[in-house]
2 protein chains.
Amino acid sequence: MAKIAAIVTDMFEDVEYTKPVAAFRGKGHQVINVGLKAGVTVKGKSEGTPVRIDRDVEEVAVDELDALFIPGGYSPDKLRIDEAAVQFAREFLESGKPVLSICHGPQLLITANALRGRKVTGYKSIVQDIKNAGAQFVDQEVVEDGNLISSRDPHDIPAFIDASLKKLEKAKVTA
Amino acid sequence: MAKIAAIVTDMFEDVEYTKPVAAFRGKGHQVINVGLKAGVTVKGKSEGTPVRIDRDVEEVAVDELDALFIPGGYSPDKLRIDEAAVQFAREFLESGKPVLSICHGPQLLITANALRGRKVTGYKSIVQDIKNAGAQFVDQEVVEDGNLISSRDPHDIPAFIDASLKKLEKAKVTA
């Protein structure tokens with residue numbers, strides 16, 4: 001089973017975190033909450049869902065983990081002012097391990113300069129940012145391009161979960 | 001005195017709206033709140049400041065107004081999913097009339113494809129988006145490039161107000 005880093009901070013879109021995480025755990029995967037400070041509890045923007053951060057992004061290595069999950073809301077906008085979070089996302093995408101992004105998730109990958117030439121989707125407000133980053137924006141519920149899986153918004157969650165679980169089944173797993 | 005459109009919706013950064021608006025009105029300028037629906041009251045993200053929308057962006061023309069003010073927070077991200085708001089911002093910048101942008105304000109201008117070749121600043125989370133939009137990002141408290149004045153965040157408000165008031169003094173005023 002895969003060890004998945006969920007990179008998250010305050011104002012994440014509640015259901016874009018809770019539903020995929022429940023589905024991942026339901027299949028036996030382990031979800032580690034990675035954020036700006038271990039031990040703090042961050043909250044969702046719509047329902048105030050509390051999420052305790054397990055690991056500080058500065059102290060976690062891509063080698064320890066099998067996949068990266070980036071929920072949306074305004075969490076990615078807050079994460080991308082942190083250099084360690086940006087570098088972590090960049091290294092993950094370059095590692096070839098699965099990166100699962102929904103809604104505003106691509107913002108973190110844009111700041112990481114990691115989307116050039118990739119096919120990706122995301123929330124409708126960031127379409128121009130995705131295009132300007134040199135990526136090909138695809139307007140569909142789930143887009144798979146190599147190790148990158150992306151979806152647009154909460155309506156796409158079921159398709160996002162299906163595609164993510166399939167990708168995770170095939171992922172290499174650390175010891 | 002100038003008629004200033006403040007384009008705003010929910011989750012604007014309270015002080016980035018309240019302080020400039022108080023300063024503009026203090027100098028005799030008129031501030032018209034333009035939003036996605038006239039008559040509704042939108043709220044700030046930090047303090048819940050209520051702002052009543054005077055005019056629907058679909059029904060207001062650049063010709064009626066002398067300047068555009070774009071406060072930050074998450075309001076610009078919400079505005080830029082609306083085609084009329086994006087077009088209004090684009091027309092304003094192209095009209096040569098003053099456009100006063102702070103924090104996340106450039107997001108609206110990026111979606112409008114209006115920043116190519118412009119010198120601009122904005123909140124640190126959107127630096128890469130500004131660069132990818134073909135603009136020159138300048139890391140200072142206020143940047144003036146032709147009719148576009150921009151600042152980074154709430155710390156820059158005094159400098160933003162000073163530069164904006166000077167620009168408004170020189171602006172042509174509609175009857």
Exercise. To one decimal in nm, how far is B:Lys43 from the same spot in the other copies, if labels go 7 Å from Cα toward Cβ? Please give the shortest first.
Worked result: 1.3
Exercise. How large is the Kirkwood hydrodynamic radius of the range B:125-175, in angstrom, based on all distinct alpha carbon pairs?
Worked result: 12.2 Å
For this session: Any aspartates and glutamates with Cα under 17 Å of the B:Lys43 Cα? List them, leaving off those in the same chain fewer than 8 positions away.
Result: B:Asp10, B:Glu13, B:Asp14, B:Glu16, B:Asp54, B:Asp56, B:Asp77
Problem set entry | Fewest-first ranking of A:Phe160, A:Phe12, A:Phe88, using other Cβ atoms within 10 Å as the exposure measure | A:Phe88, A:Phe160, A:Phe12
Exercise. Over its Cα atoms, what ratio of radius of gyration to 2.2 N^0.38 Å does chain A give?
Worked result: 0.90
Exercise. Under a plain spin-label model, where a point goes 7 Å from the Cα along Cα-to-Cβ, how far apart in nm are A:Gln136 and A:Ala38?
Worked result: 4.1 nm
Problem set entry | Distribution of pairwise C-alpha distances over the protein assembly as shown, 20 Å bins, in % | 32, 52, 15, 1
Exercise. Highest GNM mean-square fluctuation, chain B, Cα pairs closer than 10 Å: which of B:Ser101, B:Ser46, B:Ser164?
Worked result: B:Ser46
Seminar exercise, completed: Residue-normalised 222 nm signal for chain B, counting each DSSP H run of n ≥ 4 as -39,500 (n - 2.57), nearest 500 deg cm²/dmol, is -9500 deg cm²/dmol
Exercise. Where a ≥ b ≥ c are the square roots of the eigenvalues of the C-alpha gyration tensor, would you call the range A:81-175 rounded, which needs a/c under 1.5, or, failing that, prolate if a/b is larger than b/c, or oblate?
Worked result: oblate
Seminar exercise, completed: Distance in nm between B:Asp56 and A:Ala22 label points, each 7 Å along Cα→Cβ, equals 3.8 nm
Problem set entry | Quarter of the Cα convex hull surface for the range A:12-82, i.e. its orientation-mean projected area (nm²) | 4.7 nm²
For this session: Using label points projected 7 Å from each Cα along Cα→Cβ, tell me how many nm separate A:Ser95 and B:Ala159, to one decimal.
Result: 3.9 nm
Exercise. Which pairs break 20 Å Cα to Cα here: B:Lys37/B:Lys170; B:Lys19/B:Lys167; B:Lys27/B:Lys119; B:Lys3/B:Lys124?
Worked result: B:Lys37/B:Lys170; B:Lys27/B:Lys119; B:Lys3/B:Lys124
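Here, each number is a calculation from the coordinates, and none is a lab measurement. Everything quoted here is computed from the prediction, not taken from an experiment. Cβ sites come from the backbone with ideal geometry, for glycine too, and all protein chains shown count toward neighbours.
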